[in-house]
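Working notes, structure below.
Where a number appears in this text, it was derived from the coordinates with a stated rule and is not lab data. Quick caveat, the model's predicted, so the values are computed rather than measured. Cβ atoms come from the backbone with ideal geometry, glycine included; neighbour counts cover every protein chain shown.
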2 protein chains.
Amino acid sequence: MSTDGPRLSFWFEFASTYSYLAAARMGAAAHAAGIAIDWRPFLLGPIFADQGMTDSPFNLFAAKGAYMWRDMARLAGDLGLPFQRPSQFPRNGLLAARVATAGLGEAWAPGFVVAVYRANFGEDKDIADPALLAALVTAAGGDGTAALAAAATPAVKDRLRASTQAAKALGIFGAPSFTTPDGELFWGNDRLEQAFAWARRGY
Amino acid sequence: MSTDGPRLSFWFEFASTYSYLAAARMGAAAHAAGIAIDWRPFLLGPIFADQGMTDSPFNLFAAKGAYMWRDMARLAGDLGLPFQRPSQFPRNGLLAARVATAGLGEAWAPGFVVAVYRANFGEDKDIADPALLAALVTAAGGDGTAALAAAATPAVKDRLRASTQAAKALGIFGAPSFTTPDGELFWGNDRLEQAFAWARRGY
């Protein structure tokens, strides 16, 4: 794919349920649409905190939460993805986001990202566990030990912090979100096709 | 259409931007899908108040609001619907909801509902204005004076209040929402096709 072809930034947060759906279908969907994807891990916690929320809106608003779990079960079923409501929600995705940040540009990164979501929302595993994350990096074709070591460096921590600030500057308030080089923002797994269509304009 | 064919309840609130999109395309879309629609006006205000919100979430959360207006402009453009950000948001839709309730089952009701949304979000008109509402009923083929008189009766006010309670009992927390006779809830204009597909199961 040409580097100056259509591009889309895919902003995801590991605690976000709907990001699982977007991540799981992103590889095949982007390939089919001919779009290059910049995978952008970021943290929603600081953005929610700026809005005065100290927990997931799905926990703060019971009816919205009940709906989300049912909606996720239906959508995951339609996509043939394993899904169960995790015993803990939201799980702490900070370390996973740092590992994903350490892997940006590496061939193993997209596979790792999808595997983390599957572990959390398909297998009810604790994605804050360093041993699990290292194993998922290795399973995706990377070096788990090296990736975990990189995730602990100030450079990677700073890069993730900068990504969260960049997300906020782009107007992002939830996940998944998709942004185009010309500044359009699309929010939600159900906006992926619309984001693709926008990214392809002019090519 | 048989009365025991697939049915869907369409829950809408006149202050809701995305309900405009769903209402505007409902007639043709439901006809094409072979689904009978129960139009269910209700009020989101009391439901938001139960969640501790005294204003639209799009006003309470600036980034979410900014996104919504841009998203609406894009989606309305795709659907060929007139759209402009109203000078007042949210507008008071109580009287319009009472008029729509008075018209339930009448042939003019769906056309009236769509016209109210167009007035608010396409033409920046005050949908709390009784004269405007009466004119829209008449333009949709009803008797505007009679409809406004009916809207002021205790029976209609009670019926709308009961609808809002029924919406809450169904787990509805936003608009538009769609419910099926077997108890499924779908939230959002972008879930309409999924709701249609669910409603058609078994027929």
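Of note:
- In the stretch A:121-144 there is no residue matching the filter, namely being hydroxyl-bearing (Ser, Thr, Tyr) and either closer than 18 Å to residue A:24 by Cα or not in a helix (DSSP H, G or I) (or both).
- Taking the stretch A:6-53 as the range and being under 10 Å from the mean Cα position of the chain (by Cα) and part of a helix (DSSP H, G or I) as the test, the residues that pass are A:17, A:18, A:19, A:20, A:21, A:22, A:23, A:24.
- Of the residues B:162, B:115, B:102, the single one that is more than 14 Å from every other protein chain (Cβ to nearest Cβ), over 29 Å from residue B:194 (Cα atoms), out of contact with any Pro (no Cβ under 6 Å at 6 or more places or on another chain) and of a type in the set (A, V, I, L, M) is B:102.
- Taking the stretch B:1-52 as the range and being among the small types (Gly, Ala, Ser) and closer than 14 Å to residue B:188 by Cβ as the test, the residues that pass are B:16, B:19, B:22, B:23.
- Scanning the stretch A:156-203 for residues that are hydroxyl-bearing (Ser, Thr, Tyr) and either on the phi > 0 side of the Ramachandran plot or in a helix (DSSP H, G or I) (or both) yields A:163, A:164.
- The stretch A:177-189 - residue that is out of contact with any Leu (no Cβ under 8 Å at 6 or more places or on another chain) and buried (at least 19 other Cβ atoms within 10 Å of the Cβ) and, of those, nearest to the other protein chains (Cβ to nearest Cβ): A:187
- Residue count for the stretch B:86-111, restricted to those that are over 23 Å from residue B:47 (Cβ atoms) and surrounded by 15 or more Cβ atoms within 10 Å (Cβ to Cβ): 4
- From the options A:135, A:139, A:109, A:128, residue that is away from every other protein chain (no Cβ under 14 Å) and touching a strand residue (DSSP E or B) at 6+ places or on another chain (Cβ under 7 Å): A:109
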